[in-house]
Amino acid sequence: MRMEKRNVARLVRQEALVRPAATAERFVANIETVVHDKREEIELVLAAMISGGHVLFEDVPGTAKTVLARAIAQSIDGATTTRIQCTPDLQPADVTGLAVFNQKERDFEFRPGPIFANVLLVDEINRATPKTQSAMLEAMAERQVTVEGVTRPLADPFFLMATENPIEFEGTFPLPEAQLDRFLVKTALGYPGAEHEVRIVAEQRYGHPLGQLEPVIDLEDVRELHRAVQDVYVDELLQRWIVDLVRATRMDDEVAGGCSVRGSLALERVARAWALLHARDFVLPEDVELLFMPVLLHRINFRPSFLANARRVGWDQAVEEFKARCLAAAPRPEPDEARSFAPVTGS
């Protein structure tokens with residue numbers, strides 16, 4: 001009788017996730033009509049978004065980052081999108097807004113800055129000074145900004161995408177560890193394949209496809225996706241493995257500072273969202289392993305010995321070797337006949 005109730009509870013939960021999973025698929029498919037050959041990258045960005053986090057792109061110019069941000073906003077009925085082009089003379093008030101004296105009313109009135117939007121693209125964030133970068137910290141962490149002693153909530157949902165150019169270093173201010181840790185995911189879009197690049201050229205002959213992109217969901221659908229992520233099941237073995245993986249980053253000989261507890265929370269949360277985007281109500285070990293690099297790597301402070309090795313063998317190989325060491329220190333759990341990672345109870 002007890003087992004039957006648990007099975008019924010799981011069926012109820014599965015049915016509750018059917019609509020959000022369909023919404024997520026519609027969302028991804030709509031964005032793919034203008035951002036080609038990047039489904040996995042789109043899903044990663046949306047996983048961060050519906051988890052309530054933000055994304056940092058370290059990528060060269062011209063890889064559709066702005067197009068992706070606009071496609072996300074245009075796919076959501078009623079969503080607003082803004083863009084900030086960072087320069088060394090950008091001031092915090094240029095981001096958050098400021099109080100301006102209204103001569104007619106003879107009083108100060110607040111003029112909101114571009115941060116008051118549903119989707120915000122911050123171009124070349126490392127070109128802004130640390131003072132301006134810090135103005136975004138409160139917004140990213142607490143969904144609010146404080147200007148002249150008054151705290152104002154941001155839009156719901158609020159999603160920030162920032163970019164930094166990895167091939168330009170002059171006139172830049174590297175993001176401090178505290179701000180890097182505020183980004184749920186760090187990734188890159190990269191260039192499309194040759195066939196898809198030809199398609200992009202042909203599509204933009206008479207205008208940009210964004211001009212015809214229609215919304216397929218609304219703001220309440222995004223909030224529903226956020227709530228649905230919380231109901232995705234994560235087995236206790238996987239929760240323990242996530243913690244062990246994060247702790248392994250702290251014990252590696254080539255790491256000066258590993259991931260904090262925020263890394264464990266982020267990896268578990270994004271894994272839930274990733275499962276939902278793939279129409280599952282439970283997380284698999286493959287999800288955690290796939291998300292290890294984009295969720296955790298930017299939170300790690302490596303020693304000079306690691307950086308020297310990366311220059312010798314290449315960054316990609318060096319981080320793959322680091323990941324392999326972490327997986328060796330925290331072996332991946334495997335299901336057996338007695339236990340699966342899918343829920344068998346209503347927990």
| field | Highest-MSF residue in the chain out of ASN165, ASN102, ASN301 [GNM, Cα springs under 10 Å] | value | ASN102
| task | Evaluate the charge dipole of the chain about its Cα centre and quote only its size in Debye, nearest 20, assuming +1 on the Cβ of each Lys and Arg and -1 on the Cβ of each Asp and Glu. | result | 620
| task | Could you list THR96, THR23, THR146 in order of exposure, starting from the residue whose Cβ has the fewest other Cβ atoms within 10 Å? | result | THR146, THR23, THR96
| remark: With bins of 20 Å, the percent of all Cα-Cα pairs of the stretch 2-329 per bin from 0 is 28, 57, 14, 0
| said: Please give the charge dipole size of the stretch 126-242, origin at the Cα centre, charges +1 on K and R Cβ atoms and -1 on D and E Cβ atoms. Round to the nearest 20 debye. | reply: 300
| remark: Any residue on another chain or 5+ positions along whose placed amide H is under 5 Å from the amide H of VAL145 is listed here as ARG152, LEU154
| If you put +1 on each Lys and Arg Cβ and -1 on each Asp and Glu Cβ, how big is the dipole of the stretch 101-148 around its Cα centre, in Debye rounded to 20? | 80
| remark: Taking alpha-carbon centroids only, the stretch 64-112 lies from the stretch 33-47 a number of Å equal to 25
| Three principal axis lengths of the stretch 92-237 [C-alpha, angstrom, descending] | 60, 46, 36
| task | Report the one residue of GLY149, THR23, PRO88 whose Cα lies farthest in the direction of the positive end of the charge dipole of the stretch 1-150 (charges on C-beta: Lys and Arg +1, Asp and Glu -1; origin at the Cα centre). | result | THR23
| How do ARG303, ARG227 rank when sorted from fewest to most other Cβ atoms within 10 Å of their own Cβ? | ARG227, ARG303
| query | GNM, the chain, Cα, under 10 Å: largest mean-square fluctuation among VAL261, VAL150, VAL243? | reply | VAL150
| query | If you find the alpha carbon centre of the stretch 143-203 and of the stretch 310-332, how far apart are they in angstrom? | reply | 25
| Which links in LYS131/LYS186; LYS38/LYS186; LYS131/LYS323; LYS65/LYS186 stretch past 24 Å when you go from one Cα to the other? | LYS131/LYS323
| task | Quick one: compute the contact order of the chain, relative version, from alpha carbon pairs under 8 angstrom and 6+ residues apart, as a percent. | result | 24
| field | Hz values of 3J(HN,Hα) by residue in the stretch 262-276 - Karplus curve (6.51, -1.76, 1.60), Gly and Pro given as x | value | 4, x, 5, 4, 5, 5, 5, 5, 5, 4, 4, 5, 4, 4, 4
| task | Specify which residue in the list ALA329, LEU291, THR187 is farthest towards the positive end of the charge dipole of the stretch 2-329, using unit charges on the beta carbon of Lys, Arg (+1) and Asp, Glu (-1), about the Cα centre. | result | ALA329
| request: Using only the Cα atoms of the stretch 70-157, build the gyration tensor, take square roots of its eigenvalues as a ≥ b ≥ c, and label the shape rounded, prolate or oblate: rounded if a/c is under 1.5, else prolate if a/b is larger than b/c, else oblate. | output: oblate
| Rounded to the nearest 5, what is the percent of antiparallel bridges among the DSSP beta bridges in the chain? | 40
| Going by the alpha-carbon gyration tensor, a ≥ b ≥ c the square roots of its eigenvalues, is the stretch 207-318 rounded (a/c under 1.5) or, if a/c is not under 1.5, prolate (a/b greater than b/c) versus oblate? | oblate
| Extreme residue, positive dipole direction of the stretch 207-253, given options VAL246, LEU210, TYR233 (C-beta unit charges) | VAL246
| query | How much of the calculated P(r) for the stretch 121-181 lies past 12 Å, in percent of all Cα pairs? | reply | 71
| field | Order of TYR206, TYR191, TYR233 under a 10 Å beta carbon neighbour criterion, fewest first | value | TYR206, TYR191, TYR233
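Quick note: the coordinates plus some simple rules give every number you see, no bench work behind them. All of these numbers come straight from a predicted model, not from anything done at the bench. All Cβ positions, even for glycine, are placed from backbone atoms using ideal geometry, and neighbour counts span all protein chains on display.
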